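Shown next, in structure tokens, is the structure this report addresses.
The values are calculated or read from the model by the stated rules, or taken from the named source; none is laboratory data. Since this is a predicted model, take the numbers as computed values, not measurements. Ideal geometry is used to build each Cβ from the backbone, glycine not excepted, and the neighbour counts take in all protein chains shown.
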């Protein structure tokens, strides 16, 4: 009986279902794609499928982090894909897309120092986020519409920056962000870990996390209890923009080019999906940072699984949609009540 | 007072129509050959499918929901039509019936999920979007061109109007859809219920309106409109392709917002949506006529327009709020006067 109760406590934990899904995917991969769990050290770098999944999931994890707080305040940010494109385009344009070959050896040239390019790209991304925050918090637009404006216009701006072309980057040091290794582990993983640690400390060791949840549960009540909901909402969007900017740098560095039209396409939907998979409700309120991370990993592992077991990649979208349907049904209180009621009836009949 | 309130409701619509006239007028002044009946009719020919999709979307948005799946359903319709016609050599008529039924039932399923399990329209239609796009790629990854004689002749047929200008079959379908939609919105029980749900869903339930049935029907209608738009799109492009109509859901939402429909639901006109679509078309035509501007300016201008209209809507909302408050204060004063007079009368009698 105690065991049963413990088990039910376990399944009720916020992280149970996300982790179970991830574990299931892992077990599935371990059986069906040989070498999934295999790790090896080649020329001082750690290689293996799991490392690869972490590396590729890094942009999504970063955006999911920013999105978690936006969703916790009852908002949504669908402009992150466009901000990814803008940040990548700006960095690539400032570094410059020319290949200089001197004496048959390619030279690493950049128009401006790399630090300036990075700061500029992140600054613009932050500005994009602040723009969203202003529309939502000051003007009081619906989040989905406020961010829709930047989602539509942002792609245009990104193409304006790159002049409608795909800019290829030839500057070696820039590649380090998305492809580099530090102490054998991909550098992008460090970025995610740093942001994650900072966020967990800030939101769980100070009252900020509580404030964000309060704003999400009842903005009016939290304003009456002397919380500056407007400022919190504003900075939450600004931070989400910044996260998207960092993700944009990683993406453009990883593929060594910037494409205003296609960089970060549909990334906003993946990020929202990751947050929902992690158990944060779209209705605002309680959020789970760890859940969002697990959610992002689930999405990347799912993609990996689909590629590795030889299913045509076109099925990816269908599988993803089925997962979304299942998860949202599981999250729906009405659905759970119906299912539980029928199972309860069966028990009593027995 | 009452007359003034009615005028206020029409203001967004009037702004939209005058903006369209202004843009068309500016084009006529600045660009040679812009002011011709055929340029005007081309706006309809090139945007007939968008008009149909946006009409369905208008109902969804008036009811306070959103439908992100429309673009993918258009793509799926072109894909299934092309595959059935070319690969399986079906007769065109059963194909038409089948794809329309498919769109409507997809919408119906999403509506049921939204109603029965109290799920958010945003996430349900997002999953629907993934599913429909994924199904496209399951049919075929490549574009399938259509050589069916009936489709080809419908595609080339032009209905001559005054002078030597003409319109396509798609335009006729779009105008019929628009007329029917205006009738449904303003002269049927269903239409009134849609407005009531958008105004306040709980009140609508308490009034005994069939909220659940109407909600499911709204999404079914939107799905049907998307499928019909897909048929028109197939006539327009004469091919089926999984990448057709990417981002059309955003264009449709933009057209509805520019057309003066409030995103909070409850307020809006189907006619406004037509002008929203025409404004999007005029922007594109202006940029084509100019020749020096690049295509991405379209996106930036649409984004700016969206921003301007949302700002106007906010100003309008707070304006009506004040007006309502003012009106109720006036009513209270009047009531107080009446009461005072009544007590005087009573005291005079006694």
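Taking the stated definitions as given, is residue B:288 under 22 Å from residue A:158 (Cα atoms), over 23 Å from the mean Cα position of the chain (by Cα) and either at pLDDT 85 or above or in a helix (DSSP H, G or I) (or both)? In short, yes. For segment A:247-291, a residue qualifies if it is assigned to a loop (DSSP other than H, G, I, E, B) and under 18 Å from residue A:62 (Cα atoms), and the qualifying residues are A:263, A:264, A:265, A:266, A:278, A:279, A:280, A:287, A:288.
To keep it simple, each residue is scored yes or no on (1) modelled with pLDDT under 80; (2) touching a strand residue (DSSP E or B) at 6+ places or on another chain (Cβ under 9 Å); (3) farther than 28 Å from residue B:303 by Cα.
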position	(1), (2), (3)
A:31	no, no, yes
A:35	yes, yes, yes
A:39	yes, yes, yes
A:52	no, yes, yes
A:56	no, no, yes
A:61	no, no, no
A:74	no, no, no
A:85	no, yes, no
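For segment B:196-237, residues that are touching a residue at least 12 places away in the same chain (Cβ under 8 Å) and more than 19 Å from the chain's Cα centre (by Cα) total 10.
Identification of helices (runs of 4 or more DSSP H) wholly contained in segment B:31-122 with 2 or more residues that are within 14 Å of chain A (Cβ to nearest Cβ) and free of Cβ contacts under 8 Å to residues at least 60 places away in the same chain yields B:92-116.
Among the residues of segment B:124-168, just one is in a loop (DSSP other than H, G, I, E, B), within 21 Å of residue A:318 (Cα to Cα) and in contact with a helix residue (DSSP H, G or I) (Cβ under 7 Å, 6 or more places away or on another chain), namely B:140. Scanning segment A:181-223 for residues that are surrounded by fewer than 17 Cβ atoms within 10 Å (Cβ to Cβ) and within 28 Å of residue A:110 (Cα to Cα) gives A:182, A:183, A:184, A:185, A:190, A:194. When residues in segment A:300-325 are screened for being at the interface with chain B (Cβ under 8 Å from one of its Cβ atoms) and in a helix (DSSP H, G or I), 10 of them pass.
Residues in segment A:273-293: is at least one in contact with a strand residue (DSSP E or B) (Cβ under 7 Å, 6 or more places away or on another chain) and either surrounded by 19 or more Cβ atoms within 10 Å (Cβ to Cβ) or more than 14 Å from chain B (Cβ to nearest Cβ) (or both)? Checking segment A:273-293: not a single residue is in contact with a strand residue (DSSP E or B) (Cβ under 7 Å, 6 or more places away or on another chain) and either surrounded by 19 or more Cβ atoms within 10 Å (Cβ to Cβ) or more than 14 Å from chain B (Cβ to nearest Cβ) (or both). Of all residues in segment A:331-347, count the ones that are more than 9 Å from chain B (Cβ to nearest Cβ) and at pLDDT below 75. The number of residues fulfilling the criteria is 10.
Against the list (1) within 14 Å of chain A (Cβ to nearest Cβ); (2) within 20 Å of residue B:77 (Cβ to Cβ), the condition residue B:180 fails is (1). Considering each residue of segment A:144-158 in turn, at least one proves to be within 14 Å of another protein chain (Cβ to nearest Cβ), surrounded by fewer than 22 Cβ atoms within 10 Å (Cβ to Cβ), within 22 Å of the chain's Cα centre (by Cα) and farther than 30 Å from residue A:42 by Cα. Just to be sure before I move on: is residue A:65 in a helix (DSSP H, G or I), touching a helix residue (DSSP H, G or I) at 6+ places or on another chain (Cβ under 7 Å), at pLDDT 85 or above and within 30 Å of residue A:211 (Cα to Cα) in the structure I sent? So residue A:65 passes the test.
Scan segment A:122-142 and give yes if some residue there is away from chain B (no Cβ under 14 Å), buried (at least 19 other Cβ atoms within 10 Å of the Cβ), modelled with pLDDT under 90 and more than 13 Å from the chain's Cα centre (by Cα), otherwise no. The answer is no, given that none of the residues of segment A:122-142 is away from chain B (no Cβ under 14 Å), buried (at least 19 other Cβ atoms within 10 Å of the Cβ), modelled with pLDDT under 90 and more than 13 Å from the chain's Cα centre (by Cα).
Criterion first (within 19 Å of the chain's Cα centre (by Cα), in a helix (DSSP H, G or I) and over 30 Å from residue A:34 (Cβ atoms)) does residue A:328 satisfy it? It is true that residue A:328 is within 19 Å of the chain's Cα centre (by Cα), in a helix (DSSP H, G or I) and over 30 Å from residue A:34 (Cβ atoms).
A single entry from A:297, A:267 fulfils the requirement of being touching a helix residue (DSSP H, G or I) at 6+ places or on another chain (Cβ under 6 Å) and more than 25 Å from residue A:89 (Cα to Cα): A:297.
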